[in-house]
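Before any comments, here is the structure.
The values are calculated or read from the model by the stated rules, or taken from the named source; none is laboratory data. Source: prediction; values computed, not measured. No Cβ is skipped: glycine too gets one built from the backbone with ideal geometry, and neighbour counts run over all protein chains shown. These accessible areas exclude ligands, DNA and RNA; they are computed on the full protein's heavy atoms, side chains included. Shrake-Rupley method; radii C 1.70, N 1.55, O 1.52, S 1.80 Å.
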Amino acid sequence: MPDIREQLAEDMKTAMREKAADRLSTIRMMRSEILNKDKEKGDETSEEDILKLLQSMVKRREEAAEQFDKGERSELAAKERTEILVVQGYLPAQMDDDAVRLAAEAAIEETGAASIKEMGKVMGVLSKQLAGQATGARISQIVKELLSA
């Protein structure tokens, strides 16, 4: 499977040929954010960091769409949601809550965490393990439930 950078380059060419303006602008924006991250680090950004970057892009767009809905700007909210769909196409499939719960239980057992005070240990393991497959908020919520039970 090609890495995300290669996939974006190929998809950008395809979007240009197909004259898919919305898709093309979103892909260009994603590539730009990745390049900015490279410059910031002074080195090429890892796949794991790119996945985190893409997840944060999705989150920002969800928040923006929500704000546009509140402001009754449905055309702008729709544009944000279209961008979300394009970005999500480059993220791994999202895990369901049961799968996240299983991974969390294994991580709790692995770290020996017994209370909510040790949540950081568990989150450290899980955030690496589930990068791009579940949001930090979902992981955190499930770990909290398990540790406080």
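Tell me, what is the FRET efficiency for L76 and E105 to the nearest 0.05, using R0 = 41 angstrom and their Cβ-Cβ distance as r?
0.50
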Low-density loop cleavage sites - GluC sites (Glu not before Pro) in the stretch 41-149, where at most 14 other Cβ are within 10 Å (DSSP):
E44, E72
Excluding A65 itself, calculate the net charge of residues whose Cβ lies under 14 Å from the Cβ of A65, where each Lys or Arg counts +1 and each Asp or Glu counts -1.
-1
Proximal charge balance of E105 [Cβ under 12 Å; K/R count +1, D/E count -1]
-3
Against the 2.2 N^0.38 Å scaling, with N counting residues, where does the chain land? I'd like the Cα-based Rg ratio to two decimal places.
1.22
I'd like to check one number: the per residue accessible area of the stretch 1-91, probe 1.4 Å, reported in Å² as a whole number.
64 Å²
The helix 4-18 Cα axis meets the longest alpha-carbon principal axis of the chain at an angle in degrees, between 0 and 90 and rounded to 10, of 30 degrees
Leaving ligands, DNA and RNA out of it, report the carbon-plus-sulfur percent of the accessible area of the chain at a 1.4 Å probe.
52 percent
Which of K13/K39; K59/K79; K13/K59 exceed 21 Å between C-alpha atoms? The answer is K13/K39; K13/K59
So what's the angle, to the nearest 10 degrees on a 0 to 90 scale, between helix 21-41 and the longest Cα principal axis of the chain?
60 degrees
What is the angle, in °, between the Cα long axis of helix 136-148 and the longest principal axis of the Cα atoms in the chain? Nearest 10 is fine, range 0 to 90.
10 degrees
